[in-house]
Each structure stands twice: as structure tokens, then as C-alpha cells.
Amino acid sequence: MKKLTILLLVAIFYGCKTPSSQKSVDEIDKKVDSLLSIMTLQEKIGQMNQYNGFWNVTGPAPNEGDAAKKYEHLKNGWVGSMLNVRGVKEVKEVQKIAVEQSRLGIPLIIGFDVIHGYETQSPIPLAEAASWDLNAIKKSAKMAAKEAAAAGINWTFAPMVDISRDARWGRVMEGAGEDPYLGSVIAKARVEGFQGEDLSNPLTIAACAKHFAGYGFAEAGKDYNTVDVGTSTLQNIIFPPFKAAIESDVKTFMNAFNELNGIPATGNTYLQRKVLKSEWNFNGFVVSDWGSIMEMTYHGYAANIQNAAEIAVNAGSDMDMESYAYVNHLYDLVQEGKVLETDINDAVKRILRVKFELGLFDNPYLYCDETREKEILGSKEIQDAALDMAKKSIVLLKNEGNMLPLAKNGQKIALIGALAADKNSPLGSWRIAAKDNSAVSVLEGMQQYKGNSLTYTKGADVYNGDTNFIFEVNINTSDTSGFSEAATAAKNADVVLMVLGEVGYQSGEGRSRTSLDLPGVQQKLLETVYQANKNVVLVLNNGRPLAINWAQENIPAIVEAWQLGSQTGNAVAQVLYGDYNPSGKLPMTFPKHVGQVPLYYNYKNTGRPGPKKEVFWAHYQDIDNEPLYPFGYGLSYTTFSYSNLKINSVANNKVSVSVSVTNTGKVAGKEVVQLYLQDVVASVTRPVKELKAFEMVSLKPNETKTITFTLTDKALGFYDNNGVFKVESGLFKVFVGGDSKNTMNTEFSLP
Ligand code: NOJ
């Protein structure tokens, strides 16, 4: 404990107690300055260095190779953070080395990808976004933070707030979809959920807005690919959720693998210094993405790793994740005058500040309580929240003839599809800390309803062998040997329930696709079963929008169930049986064909809108311009009607709009009332419509509620090509409805 003495002195010198994040900013700054003044340059650089977990920390210390070097660095105080060390026992061990063996004993900040839960998985973020339920999303992040914090983690690399319009990109599963407004309010909910009100509470963790910036616009939806976007898209589409995260006091940012308009994000001074740290006054720290400093050499932007370190730090990347660039080269770069020590000081202060705010200086083992870990991981509270979130994330896409909900008694149900019995795939892609095969499968969920007879038939495997985070999924494209058994099961049933779609590891990092069809032989299986029995309910599993035209044309009922996490089967069964009335709405447009992508609701009109009789308008010759399901779309077991859309007042850039919504069906339900605007003529062209507000209303049968939206500058304006925010006079169209297409319309003018 000797090494803690200096830190203790620092604290005593300023007479401060445990900081609670908001109150003691000045006190923390004083502590940080005081600590910085006794640090050597190499120790400062150490704070900017992050290593991946590199050996079994509960086993013997490594004595050769890279691991031994990292271990030495840890003891020297040359490591500021580690990722992928998890569980109280392991975290405690590494923290002990940093705190007890290094000269200053500065605690590590322990990072982990808590993307959709820690051990208990909540739905993938895209699915959660489909709930449009900000309280539920915030709670889900809070529960994830609680579980992760109880396992020793104090920093998550989430939320990912990248807007994306390209369903081919595997990482759409990790974000909130295509819309900057929805993306912004969800970013806020997630940051608040992770960080809570007091970061030094051992059940909250620091959040990280990522990937700054433009990663969701990877060309052709190919992960890591080049990004080239103009100012208008950058300012109005990509930036808003990042800004919202800052407004919610997010403590860290992660930069991105991609280059943006010719400059890799990691070495991008415009993004990190000008926009983030200067214009937006961000005072947390920026971590690089994994190896992204080194990767600037591959981008052809840095001559070698030393040059990459120089570029990254000068551009404002504060912490190096696994490039070894800072720890190996910053010292020399400062000596050579290529990097200023004042810039190093600034980066280190940012990092130390977050560590102080997390309470790590008062107690480096604050997050390391074994009793708490036992009590919290997988607890009922966390499982209940995961179930609640999972139900809210489900979207009913089609329900012809009210085929759903299913009758609870006397039915013969054939459940078909390998994914129906899969206990691993529903856990999704970022589920490193989850126990394998720990999800409640759809089969298990359905088995809890005893009034019907249920038979299960696989039909076909979706993949061959095993799936994991590292390697490509090997899709079954040939084995159809189970088809006839599936067809027989279907023939003998009253209702066929098919669970088809993507395996959890088909989306996520490095998982782009050129097809948006049901993978492998599943489309054929669906058609074969449909020939045997047309009463099919299709339950989709997927991490991205799919182009399921045939199903939409033929299958009477379709339920979008994404990858819903640990409680998948319970949530799906409750929705199918009507114990929960679905209210989810799509956060991303579903195309009819992959060739339409990028397809998004807030597109710009061309100079050749249509349709026209001749060919000279913006269209394809082989498919129309419409989506299969529009952004914001989702059905319920009841129906809603909209009436009385009114502009109540327009004054001083404040517009009041109201609308009445009635439940016209037979059961209670929730509707997400959405308001879109179009600025009809502007100095920079504006999209045909943009989501500006929404509200979820609960309505009993025959009940009507009137909702009033107040639109202010933020909703009415946009960023011009010089990055200046403007509200322009003229005509605005207003669209209100239950999705982005079926709306009531009115208009107003701003003087
Ligand atoms: C790379 C991913 O892009 C990033 O999102 C993640 O947080 C890091 N790896 C750490 O696992």
C-alpha cells in the first residue's frame, strides 16, 4: 500500500472526500493538477496506454514475450487502462499490480464492451431502438451497468451512436438505426442509464460515444471501408447523436477505424480537436479504436508507427487502444519536439479526471466486491428488466386476418426452424461475458403455454459447425434433408410457427453482407412448409433489416424478433399469445431488395421526382422506389386512428401542433405517435421529411387522447454547409402518424 501514500497525500493536501461527479469538478481538477505535477513524462504517457487482457491473471505472472512486456509496463505505471479483463477476481489482480507495484499507484480504468448487457443479455441495440421507449432503454443500460460494475468493470465502450442507412453493414445491430433524432434521444437515454447521477456510485460506469465519426457510412456497407460524406450529412445526420451524448455528460469518446474524407478519424484534427474538444467543449477523453493508430499506416496516412503516434496525439486521440504507439514512441516524440508536453498533459488530465470521478482514487477496488458480484450477476431484477426490454423491442410486421395472437387452447402448433431451439444465437453478437447457450429459446418459451400441443422440427440447420466472435459463420447452403419432416409436421398442425433469419454472429463487427435474404436454405424451407400449410407465423431473427418480399406477399403473420437476448423465448411467447401487445416500430427502413440500399425515409428529392410515363426520372427499371416496411412502421393487436391534426400556434420560432389518437380496436395498446417535418424550400436542400418528435401513448379500446407537440429552433433548423445552424422562414409541411409513410398532413409558415 506504500504507493498509495503519494495519492493519499494529494487528496489530503486538498482536503477532499469522495467526489460525486457534478459537485466537485473544481476539486477534482485540483487533485488532477496536483497529481500531474509529480508524474514523470513516461508515467504520463503510461496513462494514455491501454492494453487488452493478456494473461490469465489469476495464474503465474508471464515471463516471456509480449505478455511479459505488458506485465512489466503495468508494474512501471505505463498502463492507464485495460480492456477485456473481467470478473472481480481478475480485475482485482490487475488493479493490485497497478496500485501496489507502480511508483504512483494510479488505478487502472477497466473497459469492456458492455453493448447489450454484460452477463445477462438485453436485446441488441437496434432491437431496443425499435421500442422507441426511452425509459426502458435507459433502464436497460442501467441494468447492464449494474451487472458490469458488479463484475469489476467501470467503463463501457457504448453507446455506439453511429447513424447508418446501409443494412449491409453488420454493425447496424449495434446502433439505433437510421434517424438522427431517434438516435440522439436514445444516445441520451443510454448515456444516462450507464452513468447514472453519480459516477462514483459503484453500480454505475463511464460511457463512451462511438465511433467518432462517420463509421456508419462505410462505402457499400463493407466494415472498416472508406467514408466520404459532405458537410451537410456530417452536420445534420452523423453529428447529432454524438452531440446529444455530450449534452448528457458522456465521459469518453472513441474514434473510428474509417477515414473520413481522406483523413483517418484517429488522426483527424478537425473531428477531435476542432469539433469535439473546441466547438463542443468536450472535457472527457478520446480513446482510439483497437489498433486504429497503427492502422493509419495501412490507410497510407502515416509513414510508420512512430509517425502514427505523432499524428494521433496531435489530432487529439488521448488513449491508445492496443497499438503500442504511445507507450513506445511518445517519449521520443516529445524529446524531438514533434509532440508538445502540454498536449500530453491535457490528455492525461482528461483521463485522470474520469478516474477521479469514478471514485477510483478513493478506492481502487470500489468495483471489486465479490459479494456484490454474486448477488447482482444474473439476478431476478436484471432478468426481469431484460424480459421487459425484449417484449418492448418486438415489432409486429404483418397480421392478416388477425392470425395473432394465438389461441391458448386446443391448437396443434408445429414449431419449425433451427433458430427456434437455439439458445446461443439470441444472445446476439457482443455477448463476450454471457454464458454460452444461456438464452431462453423460443421453443422453451412456447413450452410454457400448456393449453396447445406443440411439436418441434428443425427443418434445416442455419449454419454448420460452431459460431463465434472471431470467425465467419459457415452457413448451410445445401442440406435440405430435414425439409420433408418439416412439411409433414406442418401438414399435421393447425398453425405453423417458423423461426428463421440470421444467426447472432452474422451481424456485428466485420459482418457485412451483400444479400439481405434469409440466409442459406431458409427461404426454400419457408416455401416448402408454406406449401404444406398456409397458416404460417414467421418469427424473424436478425441483426439488420432483411428483404423478405416473398414472406410479406405470402405469409399471413410476421413478427420481427431480432436477437432479443437472454429472455428471448419468454418475450416471443408472451407476444405470440397476446399476453403482451406489441408496440415496437422499425428504427430502420426495410428494403424490398438489397439493390435499393441505402434506402432511408429522410432522403432528398431529386430534380426528377416521379413517377413518370417515360424513363427520365429517379427510379430503377426492375423494382419500385418504395421500401418493404417504412421507418417507424409497426402494428399492434389493436388499431389506431388519427384525427384533428392542428397547428395551434406559430410564434417566435415556437410551433404548437396537436393531434388526437383513438384506439379503434378491441384491446388496450400503445402507439408511438410520430411527427415529421419538411422545410420545403431552404438555402441547403432539406429531406422530404424528418422525424422531429414522438410520443408513446397508451390507450384503452375506444379511448382518445390528444397529444400536443411543441417544436422549437432545434426542430425547425438545420446546419448549413459552413456548419452554421439556421432556422429559415417559409413553408413547413407537417406529417403525423404511426409511421413515416402513413400520415396526416398539414403545414405552417415561419415569418
Ligand atoms: C473494435 C470495435 O470497433 C469497438 O467498437 C470496440 O469497442 C473495440 N474493438 C474494443 O473491443
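Quick look at the numbers
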item	result
Members of the range 57-101 that are crowded, with 16+ Cβ neighbours inside 10 Å, more than 16 Å from the ligand (Cβ to nearest atom) and over 27 Å from residue 41 (Cβ atoms)	57, 87, 88, 90, 91, 92, 93
Any chance residue 52 is within 16 Å of the ligand (Cβ to nearest atom), in contact with an Asp or Glu (Cβ under 6 Å, 6 or more places away or on another chain) and not assigned by TED's automatic domain parsing to the domain that holds residue 430	yes
Among (1) free of Cβ contacts under 8 Å to residues at least 24 places away in the same chain; (2) within 16 Å of the ligand (Cβ to nearest atom), the one test that residue 481 misses	(2)
The range 173-195 - residue that is out of contact with any Lys or Arg (no Cβ under 7 Å at 6 or more places or on another chain) and in a loop (DSSP other than H, G, I, E, B) and, of those, farthest from the ligand (Cβ to nearest atom)	179
Those helices (runs of 4 or more DSSP H) lying entirely in the range 363-450 with at least 3 residues at positive phi	none
Close pairs from the range 655-676: first without any contact (Cβ under 8 Å) to a residue 40 or more places away in the chain, partner assigned to a strand (DSSP E or B), Cβ under 6 Å, at least 6 apart	664/641
Within the range 568-600, tally of residues that are assigned to a loop (DSSP other than H, G, I, E, B), hydroxyl-bearing (Ser, Thr, Tyr) and out of contact with any Leu (no Cβ under 8 Å at 6 or more places or on another chain)	3
Enumeration of residues in the range 296-320 that are among the acidic types (Asp, Glu) and touching a strand residue (DSSP E or B) at 6+ places or on another chain (Cβ under 7 Å)	318, 320
From the options 465, 501, 482, residue that is at positive phi and surrounded by 13 or more Cβ atoms within 10 Å (Cβ to Cβ)	501
First in the range 119-134 and over 30 Å from residue 88 (Cβ atoms), second anywhere and modelled with pLDDT of 95 or more and of a type in the set (Phe, Trp, Tyr), Cβ under 7 Å, 6 or more apart	126/562; 132/694
Complete set of residues in the range 529-555 that are in contact (Cβ under 8 Å) with a residue 24 or more places away in the chain, more than 31 Å from the chain's Cα centre (by Cα) and either in a loop (DSSP other than H, G, I, E, B) or within 16 Å of residue 394 (Cβ to Cβ) (or both)	533, 535
Search result, residues across the range 291-339 that are in a loop (DSSP other than H, G, I, E, B), on the phi < 0 side of the Ramachandran plot and among the charged types (D, E, K, R)	295, 318, 336, 338
Test: residue in the range 220-243 that is within 14 Å of the ligand (Cβ to nearest atom), small (Gly, Ala, Ser) and either more than 19 Å from the chain's Cα centre (by Cα) or crowded, with 24+ Cβ neighbours inside 10 Å (or both)	no
Count - residues of the range 131-172 that are farther than 26 Å from residue 376 by Cβ and in a helix (DSSP H, G or I)	3
Some residue of the range 232-245 being assigned to a loop (DSSP other than H, G, I, E, B) and either under 22 Å from residue 509 (Cα atoms) or among the acidic types (Asp, Glu) (or both)	no
Verdict on residue 290 being under 21 Å from residue 206 (Cα atoms), more than 15 Å from the ligand (Cβ to nearest atom), surrounded by fewer than 24 Cβ atoms within 10 Å (Cβ to Cβ) and aromatic (Phe, Trp, Tyr)	no
Members of the range 208-219 found to be away from the ligand (no atom under 12 Å from the Cβ) and outside any helix (DSSP H, G or I), listed by number	213, 214
Test: residue in the range 435-450 that is more than 24 Å from residue 117 (Cα to Cα) and polar (S, T, N, Q)	yes
Subset tally (residues that are assigned to a loop (DSSP other than H, G, I, E, B) and not aliphatic (A, V, I, L, M)) for the range 38-72	11
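The values are calculated or read from the model by the stated rules, or taken from the named source; none is laboratory data. What you see is a predicted model; the values in this text were computed from it and never measured. Reconstructed Cβ throughout: ideal geometry from the backbone, glycine too, with neighbour counts over all protein chains shown.
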